[in-house]
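Notes follow the structure.
Here, each number is a calculation from the coordinates, and none is a lab measurement. Predicted model, so just to flag it, every value in this text is computed and none were measured. Ideal geometry is used to build each Cβ from the backbone, glycine not excepted, and the neighbour counts take in all protein chains shown.
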């Protein structure tokens, strides 16, 4: 289902009013606080009583488990700094526009997630011989394709066992906020956000491919509605810049004074380290290399900076990340039916005027 | 400027992706946490160093003041529980739609704001004879009508001196989050959110009417672009219900089982106590009275509940608040050029089906 007219529909607006991106000026911060970190909730945010809540691990395992929040918190813990991005980031830039949450480019954030490594929980439950997939069920319920269901998404056992994958009860050193999955969520570094199931209460090990709605139907790169497509996994590279100067209300065109402007931003990729960021001020016709700094960890965005000599007039500012695998960002989007993984370069209109305050 | 086509424009979407409403299931909570409380930022969220930041009070006063955060925090403090609503709440329901932040009905939240009563600060500065208005400048800067300016809005001296008006450095018992005005904001109970200036650093007392952009041009009820209009002030009454059952993705139509469903919600008015909430399940043709509970304070929303006997089929659920002054909510909006103060009743499509899970 897509909308060719260009105008965002009431249905999409309902989602845009509930969910929110990270205002891009928050790229100044290495770690994004809740309230600025992007939030995408498919259904309603569930109200969970942490005293009766339990995490169950079952299915194709030798030792099914049930853990209270207290029991979970007593296990050895890790903290990972992870950049999460919604798979639909960039969707509203596509034409025709697939109808879902109409993200522009703000569906991202980086947080410090603390909890128990998923591998150690799986290890305790001991997956049976022939285990292939692991699914994660959230407590959030809704109707998709005519069926009432919980949000549930699967990973391969190999993906689930990777270091860095954590069942987290803390975000930035405090209990998870309701909208980020209280009391417990999965965090899967490097992978689009749909894998990081919130309000987690059930982990199921499968001896065959998990074919739940969010794996088999949603979150696939499909050329058309009929194409079965390929599953989405790792985040494509993306660089974003803090919009320079001041915004015009309501257009958000940027106004700067001509002269030297230090541009700063962040860049990430789920496929490997970002090794290069390029900047253009003519809409992508010419590029210059930015200085890329150290990320705060292997799963988080890297800072970058660029000294921009701004001439009087209008400019179309762009930035582009390239990772160590050679993956980079296109100047034009590649369309798909679900509107996923559009990592076309960011474009910002900047007006430089000397007499500006 | 308005858009008759119905489709939300790219410009409006840029605002909707940054700002966010309160997901209506958060009406369960008396006090709204940051991240769920609505946020509307006109320009960029400024980055403020609290060690060098000062609050200045000047203009038509006998004793101009400068206060550090530490000095402010040493003054006698109060905590007020305040429901804040954006003046543009309901804007996107209007037709033609005035182009600005396209709110549906979620631009609301209730928080506990702690800080110094504004009256006591004004008292220290001692307004001169003939003082009439007080303006509040935020540190957020942007371009409106071609002029670069800080957000600044004024109140009459009487409004500014009212009990409950506070310059707050804490929200819900913690330092203000960046997006709610760190390190200091004004909170004006009963008045639409534009009065509660964030990132406050300058208070100016005036011996004539304050004619800044946000008072003289924006935030006025105008019949047309040419009409000078009337200033906006207190919040019109509104009741909202927690959407029952589970949502369909992406339409957010609600699905419930037929039978008894307890509806709960909150209602508020800036003009006086809410004394009545009515509920309709036929789009406003017939109404029944809900039970209204005690608000957590004189400036905050009141809880309400209604036992709904849901028949199989489709229903249009509505609710309507009436306050002690007799003000209530219309079934149809009254249009104005800025799209402000549209308190038409909430309408939710609910499908009741016995075989639903």
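Ranking B:206, B:37, B:20 by Cβ neighbours within 10 Å, fewest first, what do you get?
Values: B:206 20, B:37 24, B:20 28.
Ascending Cβ contact count within 10 Å gives the list B:206, B:37, B:20.
Shielding by partners for B:95-107, please: the mean number of other protein chain Cβ atoms within 10 Å of each residue's Cβ.
On the way: counts 0, 0, 0, 0, 2, 2, 3, 5, 2, 6, 2, 3, 1.
Going residue by residue through B:95-107 and averaging, the value is 2.
Each of A:123, B:44 was scored by other Cβ atoms within 10 Å of its Cβ. Arranged with the fewest first, they read A:123, B:44.
Here is how far apart the residue B:208 label points are across copies: 8.2 nm, shortest first, using a point 7 Å from Cα toward Cβ.
Residue and whole-Å distance for the chain A Cβ lying nearest the axis of the A-onto-B rotation are A:7, 1. Label-point distances for residue A:227 to the equivalent site in the other copies, using a point 7 angstrom along Cα→C-beta, read 5.1 nm when ranked shortest first. What residue among B:107, B:337, B:162 has the largest mean-square fluctuation in a Gaussian network model of chain B, using Cα springs under 10 Å? Per the Cα network of chain B with a 10 Å cutoff, B:162 tops the list.
If you take every DSSP beta bridge fully contained in the range A:238-352, what fraction is antiparallel? Give it as a percent rounded to 5. Walk me through the numbers before you get to the answer.
On the way: 32 of 36 bridges.
So the antiparallel bridges in the range A:238-352 amount to around 90 percent.
So if R0 is 22 Å, what FRET efficiency would residue B:51 and residue A:28 give, r being the distance between their Cβ atoms, rounded to the nearest 0.05?
Working: r = 17 Å, r/R0 = 0.78.
It comes to 0.80.
Here residue A:354 and residue A:207 are evaluated by their C-beta separation; at R0 = 51 Å the FRET efficiency comes out at 0.15. Result for chain B in a Gaussian network model with C-alpha springs under 10 Å: among B:39, B:197, B:256, the largest mean-square fluctuation is at B:256.
Just to be sure I understand: of the beta bridges DSSP finds with both ends in the protein assembly as shown, what percent are antiparallel, rounded to 5? Let's see the in-between values first.
Details: 152 of 170 bridges.
Counting only bridges with both partners in the protein assembly as shown, antiparallel ones make up about 90 percent.
Counting only other chain Cβ atoms within 10 Å of each residue's Cβ, the peptide B:248-257 averages 6.
Taking every residue in A:23-36 and counting other chain Cβ atoms within 10 Å of its Cβ, the average works out to 4. Ranked by the mean number of other Cβ atoms within 10 Å of their residues, highest first, the peptides B:165-173, B:286-294 fall in the order B:165-173, B:286-294. Using a 7 Å projection from Cα along Cα-to-Cβ, the label point at residue A:288 is separated from the same position in the remaining copies by 7.0 nm, smallest value first. Reported to the nearest whole Å, the Cα centre-to-centre distance from the range B:1-63 to the range B:248-293 is 27. Listed from fewest to most Cβ neighbours within 10 Å, the set A:63, B:347 follows the order A:63, B:347.
Report, to one decimal in Å, the Kirkwood hydrodynamic radius for the protein assembly as shown based on all distinct Cα pairs.
Details: mean 1/r = 0.0375 Å⁻¹.
Across the protein assembly as shown, the inverse of the average 1/r is 26.7 Å.
Annotation for residue B:70 and residue B:174: the two label points, set 7 Å from Cα along the Cα-Cβ direction, are 2.5 nm apart.
Listed highest first by mean packing, meaning other Cβ atoms within 10 Å per residue, what order do A:258-265, A:242-249 come in? It would help to have the intermediate numbers written out before the result.
Details: A:258-265: 15.1, A:242-249: 20.2.
Ranked by mean Cβ neighbours within 10 Å, highest first: A:242-249, A:258-265.
Beta bridges from DSSP with both residues in the range A:2-231: antiparallel share about 90 percent, rounded to the nearest 5.
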